[in-house]
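Comments concern the structure below.
The values are calculated or read from the model by the stated rules, or taken from the named source; none is laboratory data. Quick caveat: nothing in here was measured; it's all calculated off a predicted structure. All Cβ positions, even for glycine, are placed from backbone atoms using ideal geometry, and neighbour counts span all protein chains on display. SASA here: full protein model, heavy atoms, side chains in, ligands and nucleic acids out. Shrake-Rupley method; radii C 1.70, N 1.55, O 1.52, S 1.80 Å.
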Amino acid sequence: MNLETPAGMSLSATRTEALKGFVAEIFARLGVPAEAARLSAAALVAADVEGMSSHGVTLVPLYVERILAGSVSTGTEPTVVHDGGSAIVLDAGNSLGQLSSDWALPMVSERAREHGLACITVRNGSHFGTAAFWARQIAESGLVGVVMCNSRPLKSAPGGAERLTGSNALAIALPSSDPHPFVAELESGGAAADPASALAAMLLANSGARGFGLAAAIDLMCGGLSGGALGPDVGAFNGDPAIPYRSSHLFMALDPARFGIAGLGERVAQFAARIRDSKRASGVARIYAPGDRERERRAESGDECLLPPELLAKLRECGAKVGVESRLE
């Protein structure tokens with residue numbers, strides 16, 4: 001089924017589970033173990049469902065190129081480089097970012113319950129989808145989750161002419177007494193749902209020294225604390241597929257119970273409600289608390305994912321290239 005968006009872009013509705021299965025089969029044909037292939041596919045499709053299409057299945061052709069060229073490994077387990085109890089460093093060995101992230105989450109959550117807070121950094125990583133996808137899972141287990149990653153340099157220092165740091169991602173998720181956690185992500189890939197949100201995103205993400213400083217700090221937290229690449233040493237994921245991306249990631253979990261404060265979940269829910277009920281600017285029909293828009297998109301999508309026909313064609317080409325026999329309708 002083809003649909004027209006308000007902007008006039010033609011989109012095709014594809015069954016979400018069929019899309020996950022097709023992408024997973026592509027990865028499996030490339031040598032990724034079946035369960036790992038399904039996990040990677042699910043994370044990419046989730047980005048499309050939530051409106052973060054720049055981190056979704058549009059990247060599958062790049063994944064295929066990189067796996068075939070050898071810059072992305074089909075290995076599934078990172079190497080523990082350092083284990084300091086509550087501080088751990090992993091080397092992902094250029095494996096799929098979804099796999100090293102899924103490996104890190106149970107460990108950082110377990111260590112946070114043991115120590116009160118824990119942090120895992122990852123070097124030699126690859127694209128892992130959206131930071132919010134992982135931070136939300138930490139919050140769903142009752143912990144506060146903080147997830148960051150660095151990326152290829154796109155930002156120059158105020159007054160500078162050299163790109164030194166990327167549009168680096170940061171997501172913070174807090175458990176809530178509501179059915180869903182409070183999830184805030186600073187990310188340049190998504191479209192704002194209303195004029196006020198669009199203006200706020202523009203002012204925050206591109207606010208000169210503040211925007212550059214935050215991006216540089218994320219770069220240093222990820223690359224600096226992992227001993228991995230940072231700044232200009234991070235490659236371009238859409239660049240030469242034979243050269244490793246070398247992204248660095250950070251996963252932090254905090255146990256609210258260890259702070260001696262009861263009722264964080266209720267306070268989170270109350271503050272989210274206050275955000276939604278706050279006074280609206282002129283022309284704004286609704287105010288969303290962080291995480292609301294993505295959750296609404298997931299609910300609205302049902303069992304379908306809307307993709308441009310051109311992207312569906314590219315995915316079919318990828319499937320044919322590696323010998324996928326199933327059809328993507």
Subject >> Among residues of region 238-266, those that are open to solvent by less than 20 Å² (accessible area, probe 1.4 Å) and modelled with pLDDT under 95, counted >> reply: 0
**OP:** Please go through region 127-172 and pick out each residue that is of a type in the set (G, A, S) and over 11 Å from the mean Cα position of the chain (by Cα).
**Re:** A139, S141, G142, G145, S151, S156, A157, G159, G160, A161, G166, S167
Subject >> Filtered residue count, region 37-87, keeping only those that are at pLDDT below 95 and farther than 20 Å from A132 by Cβ >> reply: 4
**OP:** Might you let me know whether region 290-300 holds any residue that is over 18 Å from the mean Cα position of the chain (by Cα) and within 23 Å of G51 (Cβ to Cβ)?
**Re:** yes
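Looking at region 23-52, which of its residues are outside any helix (DSSP H, G or I), farther than 21 Å from R136 by Cβ and open to solvent by less than 20 Å² (accessible area, probe 1.4 Å)?
Start the filter on region 23-52 by keeping residues that are outside any helix (DSSP H, G or I), which leaves 30-33, 50-52.
Still in the list and also farther than 21 Å from R136 by Cβ: 30-33.
Scanning region 23-52 gives a single hit, V32.
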Original post:
Which numbered condition trips up S10, out of (1) farther than 22 Å from S247 by Cβ; (2) crowded, with 23+ Cβ neighbours inside 10 Å; (3) among the polar types (S, T, N, Q)?
Top reply: (2)
Original post:
Pick from R123, R152: which is in a loop (DSSP other than H, G, I, E, B), open to solvent by 30 Å² or more (accessible area, probe 1.4 Å) and among the charged types (D, E, K, R)?
Top reply: R152
**OP:** Mind counting the residues in region 217-234 that are surrounded by fewer than 18 Cβ atoms within 10 Å (Cβ to Cβ) and either aromatic (F, W, Y) or not in a helix (DSSP H, G or I) (or both)?
**Re:** 1
Subject >> Matching residues in region 20-56 - criterion: being closer than 17 Å to W103 by Cα and either more than 18 Å from the chain's Cα centre (by Cα) or not hydrophobic (A, V, I, L, M, F, W, C) (or both) >> reply: V32, P33, A34, E35, R38, S40
**OP:** Would you tally the residues in region 279-293 being under 27 Å from F133 (Cα atoms) and hydroxyl-bearing (S, T, Y)?
**Re:** 1
Original post:
Within region 62-85, how many residues turn out to be more than 22 Å from E25 (Cβ to Cβ) and open to solvent by less than 40 Å² (accessible area, probe 1.4 Å)?
Top reply: 2
Subject >> Pairs, first over 17 Å from A43 (Cα atoms) in region 298-309, second open to solvent by less than 70 Å² (accessible area, probe 1.4 Å) and outside any helix (DSSP H, G or I), C-beta under 9 Å, six or more apart >> reply: P308/S10; P308/L11; P308/S12; P309/S10; P309/L11; P309/S12
Original post:
What do you reckon, is A92 within 18 Å of D255 (Cα to Cα) and either among the aliphatic types (A, V, I, L, M) or more than 16 Å from the chain's Cα centre (by Cα) (or both)?
Top reply: no
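I'd like to know if region 96-106 contains one or more residues that are of a type in the set (S, T, N, Q) and open to solvent by 10 Å² or more (accessible area, probe 1.4 Å). Full working, then the answer.
Step one: list which residues in region 96-106 are of a type in the set (S, T, N, Q), which gives 98, 100-101.
Applying the additional criterion that residues be open to solvent by 10 Å² or more (accessible area, probe 1.4 Å) yields none.
No - not one qualifying residue is present in region 96-106.
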Subject >> The listed residue being at pLDDT below 90, among the hydrophobic types (A, V, I, L, M, F, W, C) and open to solvent by 50 Å² or more (accessible area, probe 1.4 Å), out of A285, A299 >> reply: A299
Subject >> Check on S188, open to solvent by 30 Å² or more (accessible area, probe 1.4 Å), under 16 Å from C149 (Cα atoms), part of a loop (DSSP other than H, G, I, E, B) and modelled with pLDDT under 80 >> reply: yes
Subject >> Options S71, S109: the member that is in a helix (DSSP H, G or I), in contact (Cβ under 8 Å) with a residue 60 or more places away in the chain and not aromatic (F, W, Y) >> reply: S109
